[in-house]
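S.K.: Take this structure, written in C-alpha cells, and hold onto it; I'll ask about it next.
The values are calculated or read from the model by the stated rules, or taken from the named source; none is laboratory data. This is a predicted model, so every value here is computed, not measured. All Cβ positions, glycine included, derive from the backbone under ideal geometry; neighbour counts span all protein chains shown. Areas reflect the complete protein model, heavy atoms only, side chains present, ligands, DNA and RNA absent. Shrake-Rupley method; radii C 1.70, N 1.55, O 1.52, S 1.80 Å.
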Amino acid sequence: MKHGEKENTQSLAVYEHSMDSTHIAALATILGDESRVLTQPQVVRRLSRDFYWYSPVLRKQLDGKVAEVAVQPLTAAEIQGTLRFCHAHDLPVTVRGAGAGNYGQAVPRQGGVVLDLARMDKIEAIQPDGVAVCEPGVRIGVLENEARQVGWELRCYPSTIIKASVGGFLAGGSGGVGSVAHGGLRDFGTVRAMEIVTMEAVPRIVRHEGEAVHDILHAWGTNGVITRIWLALTPAVDWSQCSVAFDTFDAAFDFSERIATAESWTKRLVTTFEWPIPSFFAPVKQCVLEGKALVFFMIASSQLVALETEARAAGGIITFSGVYPGLRAIPLLSDYTWNHTTLWALKSDPTYTYLQTGFNPETVRDQFLKLKQRFGDEILFHIEFMKNSTGRVLPGAIPVVYYVSEKRLNEMIDYCWEIGVSVANPHVNNVEGGGRYRPDNVQLLAKQRYDPKGLLNPGKMVTFRSEPRHQPTAEETAPTR
Ligand SMILES: Cc1cc2nc3c(=O)[nH]c(=O)nc-3n(C[C@H](O)[C@H](O)[C@H](O)COP(=O)(O)OP(=O)(O)OC[C@H]3O[C@@H](n4cnc5c(N)ncnc54)[C@H](O)[C@@H]3O)c2cc1C
C-alpha cells in the first residue's frame, strides 16, 4: 500500500488528505480571485448536497459527507490549473452543476474540493443547424428559452429544468420531458460533442464526439470535467398542456399508451398516475378528481381539440387544458412529472420513496397485476413513456414506493426483475449500480485514461482501481495560473 492511500471494504482507494490554509491559498492563486474559493462551513455544506435524501438507503450512507472547500472556476484553463494542483496533492474533486441529482451523485464521499461550475454559464451559439454550443453551468431552462427564441427547443429535459445545469444533466441525468418523442440523452445523436478536462499531472482538454460521447455521458463526473457541450435541438412546436382524469388506472393507462405510441400525435409529455398519487399535487387541485387516475399531456396545440375529443370518447374527463406559454406556465404540469412526482409524494408523507423501472410493452398489464398482487398499495404506478434507441415507445415508470425497510425494498426490486421489469436502482451511489452503466465499460476505460489516480468523485465508479502512486515532482506541485 502506498503512502496517502488506504483500502476500504470494497478495496477502493480512500484518500487520506487534509486540506489546510496553504491549499486554500494555492487554489486562490490559481484562480487569481480568493472570492471564488469558498470555505464558509454552511456554504460548503450546501454545495456538498443534492437530493440523495429521496432515498432512505442513501441517507444512511451520505448524511454528513462534506467537502472541505468549494472552488468556482470561470474557464477551462482555471479548471486545468485546479485539477493539476489537486492531482499533485492527491485531493479528491467532485464536480457540481446545480446539485439537483437524486442519487447522491454530487455528494463528495471523501471530502476534498467541490468544483462548482454554476458560473460557467455562457451559451456560445444556437447554430443555424439546430445545435446549441454552451458551457456546462448553463441552466437548462435558460437554454430552452434561448433556443425557442430562434425556432428551436430542447429534445428532452429533466423536470428540474429551471434549476439543473446542462453539464449536470449530461453527466448525471438520462432523459425526461420530450423523451416520448426523442428518446433520452444517449439516443439519436442528441449529444453531438463534449470537451472535457482530464485529471492528470498535466490536465488536457479532450474533445469527444459521435460515439465517443458515451465514454463520458452519465459517468457522474468520475472520468472528466465537461467544459463545453454541443447539444442537438429540435424545431420548436406550439405546445398545449392537458390533464385528463379516468375512473380507473387501467383506463388511464390504455388511453395514455395509445397516444404515446401513435406516431400521428405530436407530444412532449405523456404521464400517467394511479390514485392516490394525484392527491399529493396540492397546488394543482383543479386538475385532480377524488379517487381518479390522471394523465398529463403536452401535446401540439394544433391537436389539442382532437386529443380532448378522443379522451372523452375513452371515458376521460378533461380537468385542465390550455396553451403552454413556456416555463412560466401556471400550472406547469411538468412540475408534477418525472422525478418531481416523488417529491410531491415525499411532501405528503416522508415515508414514500421510489424506484425507476422499465416495463415490457407486451406484458405490461400482467406485470402491473403481479406487482399489485404481491405488494398492494406499497407500490403506486407512475408511468412515463419514453422512446428507445430503436424508435419504439415504451412504458417506463418511476413508481412511488411506501418504504417499509431496505429488505422489503430489495424484495420488490428482485421481484421486478423476476417478472421481467427492469430496474435502474436509485438507491445505490455508484455509476455501475444505477442501471445506466455501459456493458462495454467505455466509461471505466475513460476513467483509466483520464483519472488514473481515481481522484474525480472517488467511490462512485466501483469497478475502478487506481494506479500505484508516485511522489509528485516540484513542477507538478507548484501552483500555476
Ligand atoms: C425533483 C427531481 C426531478 C428530476 N427529474 C429528472 C428527470 O426528469 N430526468 C433526469 O434525467 N433526471 C432527473 N432528476 C435528476 C437531476 O435533476 C438531473 O439529472 C439534473 O440534470 C442534474 O443536473 P445538475 O446540474 O443539478 O447536476 P448535479 O446534481 O450537480 O450533478 C449530477 C452529476 O453530474 C456531475 N457533474 C455535474 N456537472 C458536471 C460537469 N460539468 N462535468 C462532469 N460531471 C459533472 C456531478 O459530479 C454529479 O455526479 C431529477 C431530480 C430531482 C430532484
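S.K.: Sorted by average packing, counted as other Cβ atoms within 10 angstrom per residue and highest first, what order do 398-408, 203-213 take?
M.R.: 398-408, 203-213
S.K.: So which trypsin sites (Lys or Arg not before Pro) in region 271-378 are both in a DSSP loop and have at most 11 other Cβ atoms within 10 Å of their Cβ?
M.R.: For trypsin sites (Lys or Arg not before Pro) across region 271-378 that sit outside H, G, I, E and B with at most 11 neighbouring Cβ atoms in 10 Å, the list reads Arg328.
S.K.: Measuring with a 1.4 Å probe in the full set of protein chains, what accessible area per residue, in whole Å², belongs to the chain?
M.R.: 39
S.K.: Report the label-to-label distance for Ala282 and Val404 in nanometres (one decimal), using points 7 Å from each Cα along the Cα→Cβ vector.
M.R.: For the pair Ala282/Val404, the computed spacing is 2.9 nm.
S.K.: Probe radius 1.4 Å, ligands and nucleic acids ignored: give me the carbon and sulfur share of the accessible area of the chain as a rounded percent.
M.R.: 52
S.K.: Please work out the FRET efficiency for the pair Asp366 and Asp440, using the Cβ-Cβ distance as r and a Förster radius of 35 Å; give the result to the nearest 0.05.
M.R.: According to the calculation, E is roughly 0.60.
S.K.: Out of region 252-296, which GluC sites (Glu not before Pro) are coil in DSSP terms and have no more than 15 other C-beta atoms within 10 Å?
M.R.: Glu263, Glu290
S.K.: Sticking with this structure for a sec: Taking the Cα atoms only, what angle lies between the long axis of helix 76-88 and the longest principal axis of the chain, rounded to 10 degrees?
M.R.: Long axis of 76-88 versus the principal axis of the chain: about 60 degrees.
S.K.: For Arg192, what residues show an amide H to amide H distance below 5 Å, using hydrogens built from the backbone and excluding near sequence neighbours?
M.R.: Trp230, Leu231, Ala232
S.K.: Taking the DSSP beta bridges in region 73-186 as the whole, what percent of them are antiparallel, to the nearest 5?
M.R.: The antiparallel proportion sits near 55 percent.
S.K.: Using Cα pairs under 8 angstrom and six or more residues apart, how large is the relative contact order of region 126-265, in percent?
M.R.: This gives 28 percent for region 126-265.
S.K.: Let me ask another. Hey, what do the phi angles of region 403-413 turn into as Karplus ³J(HN,Hα) couplings, whole Hz, using 6.51/-1.76/1.60 and θ = phi - 60°, x for Gly and Pro?
M.R.: Those phi angles translate into 7, 9, 6, 4, 4, 5, 4, 5, 4, 5, 4 Hz.
S.K.: Rounded to the nearest 500 deg cm²/dmol, what is the calculated helix-only ellipticity per residue at 222 nm for the chain, with -39500 (n - 2.57) per DSSP H run of length n ≥ 4?
M.R.: Helix contribution divided over all residues of the chain: -7500 deg cm²/dmol.
S.K.: Within region 309-352, list the residues whose amide N lies under 17 Å from a label point set 7 Å along Cα→Cβ of Ile419.
M.R.: Under cut-off, by backbone N: nothing.
S.K.: Between region 239-280 and region 99-167, how far is it from one alpha carbon centroid to the other, in angstrom?
M.R.: The two parts, judged by their Cα centres, are 28 Å apart.
S.K.: So what is the relative contact order of the chain, in percent, for Cα pairs below 8 Å that sit 6 or more residues apart?
M.R.: 18
S.K.: Quick one: Karplus J couplings for region 20-30, per residue in order, coefficients 6.51, -1.76, 1.60, θ = phi - 60°, nearest Hz, x for Gly and Pro?
M.R.: These are the phi-based 3J(HN,Hα) values: 10, 5, 6, 4, 5, 5, 5, 5, 5, 5, 4 Hz.
S.K.: Under 5 Å between amide H atoms, partner at least 5 residues away or on a different chain: which partners does Glu153 have, H built in plane at 1.01 Å?
M.R.: HN-HN under 5 Å from Glu153: Thr234, Ala236.
S.K.: Mind checking the full-extension length gain between Arg312 and Lys122? Use 0.36 nm per residue of separation minus the Cα-Cα distance, one decimal, nm.
M.R.: 63.8 nm
S.K.: With each pseudo-label sitting 7 Å past Cα toward Cβ, what's the Thr266-Thr351 distance in nm, one decimal?
M.R.: Using points 7 Å along Cα→Cβ, the separation is 4.6 nm.
S.K.: Further, regarding this structure: Relative to the longest principal axis of the chain, what angle (0 to 90°, nearest 10) does the C-alpha long axis of helix 140-149 take?
M.R.: 60
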